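Take a look at the structure below.
Just so it is clear, none of the values below were taken in a lab; they were calculated from the coordinates. Computed from a predicted structure; not experimentally measured. Glycine gets a Cβ as well: all are built from the backbone with ideal geometry, and neighbour counts include every protein chain shown.
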Ligand SMILES: C[S@@+](CC[C@H](N)C(=O)[O-])C[C@H]1O[C@@H](n2cnc3c(N)ncnc32)[C@H](O)[C@@H]1O
């Protein structure tokens with residue numbers, strides 16, 4: 001499904017600042033960007049990080065920007081036109097990184113960036129069905145061409161399967177209870193919207209979340225999104241592949257936003273360090289500055305890990 005997007009979209013004024021790239025200065029510094037470098041941004045999004053990368057590697061540098069979301073990809077293409085660089089915009093899952101680079105005739109790259117999860121642009125769009133704050137269809141697919149949506153999972157998996165997803169991908173303490181309520185409700189009527197899903201979760205666990213800072217539906221929405229997009233599987237697979245795609249001295253930067261992602265990155269980096277393939281550049285994950293956390297709420301849970309190919 002590797003295609004180069006050819007219809008750039010200019011981002012409307014009211015959406016231009018919707019996604020602020022997280023820990024961008026730290027990412028740029030740790031990628032050690034030089035003119036003419038070849039960098040892969042595995043999670044291009046709206047191109048916030050890619051813009052800074054392009055500005056640092058210059059017109060003779062090359063950015064390979066990958067995203068599963070064709071809409072975001074087209075928006076990034078529009079935004080990046082102003083920043084001269086050689087771009088490849090690829091609509092694909094980053095789990096195909098090796099095949100993507102092979103198709104582009106690139107053997108090795110100088111740096112690889114992952115900024116995991118979804119962008120604020122995707123989260124805030126009701127039609128994408130990612131958020132419990134806005135009502136929309138129960139979708140949650142990053143790639144609108146993929147077959148399975150949140151609606152399919154929530155309305156067809158068994159109670160046990162839903163419970164396992166909530167436990168494994170959301171670390172939801174009351175996973176049994178939420179799954180039981182979902183299955184009881186869908187017998188009456190299919191669960192079709194984010195609003196309905198939120199109402200059911202609230203019915204199941206609102207009282208148990210009293211006094212806690214997070215919204216009771218946070219973990220359920222995270223878990224279902226991860227399952228729909230098979231996010232952890234893609235991350236695990238790609239971290240193994242990407243070391244072979246890097247030049248010696250090339251760097252990987254991974255920004256993660258919850259403990260499940262960070263654990264995978266930590267374990268993979270450690271395994272490759274033990275095998276003598278990677279050097280850990282930061283022993284503990286870097287965190288955003290207090291200022292950034294105040295000005296960009298999304299950054300509050302960010303963790304940046306960096307490793308270098310030996
Ligand atoms: C947090 S956003 C990236 C934002 C970007 N760094 C910026 O500054 O604009 C993550 C992006 O990665 C994409 N994505 C997540 N998992 C992916 C995967 N397995 N393959 C390709 N793209 C993925 C999402 O669709 C989303 O657009």
In degrees, nearest ten, helix 70-80 long axis to first principal axis of the chain (Cα):
40
Folded to 0 to 90 degrees: helix 259-274 orientation relative to the chain principal axis, Cα:
40
Could you state the orientation-averaged shadow area of the convex hull built on the Cα atoms of region 209-293, in nm² to one decimal?
7.6
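Based on DSSP, what percent of beta bridges with both residues in the chain are antiparallel, to the nearest 5? Present the calculation step by step, with values, prior to reporting the outcome.
On the way: 12 of 31 bridges.
Looking only at bridges with both residues in the chain, the antiparallel portion is about 40 percent.
Which whole-number percent gives the relative contact order of region 192-293, counting Cα pairs below 8 Å spaced six or more residues apart? Mind showing how you got there, number by number?
Working: 31 pairs, mean separation 17.9, N = 102.
Once divided by the residue count of region 192-293, the mean separation gives 18 percent.
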Among 39, 148, 162: highest mean-square fluctuation, GNM of the chain, C-alpha pairs under 10 Å:
148
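Mean projection of the alpha-carbon convex hull of region 5-152 over all orientations, in nm²?
Values: hull surface 36.2 nm².
Result: 9.0 nm².
Which order do the peptides 293-306, 95-108 take when ranked by the mean count of other beta-carbon atoms within 10 Å per residue, highest first? Show your work: numbers first, answer last.
Values: 293-306: 17.4, 95-108: 15.4.
Descending mean neighbour count gives 293-306, 95-108.
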For residue 267 and residue 189, extending 7 Å from Cα along the Cα-Cβ vector and measuring point to point gives, in nm, a value of 4.1
From the C-alpha coordinates alone, can you work out the Kirkwood hydrodynamic radius of region 126-229, in Å?
13.3
Two decimals is fine: what's Rg over Rh for the chain, C-alpha atoms, Kirkwood radius as Rh?
0.98
Tell me, how many Å apart are the Cα centres for region 66-133 and for region 148-188?
30
Computed over the chain, the relative contact order (Cα-Cα under 8 Å, seq sep at least six) in percent reads 18
In degrees rounded to 10, the 0-90 angle between helix 231-245 Cα long axis and the longest Cα principal axis of the chain is 10
Explain nothing, just the number: relative contact order of region 126-229, from Cα pairs under 8 Å at least 6 residues apart, as a whole percent.
35
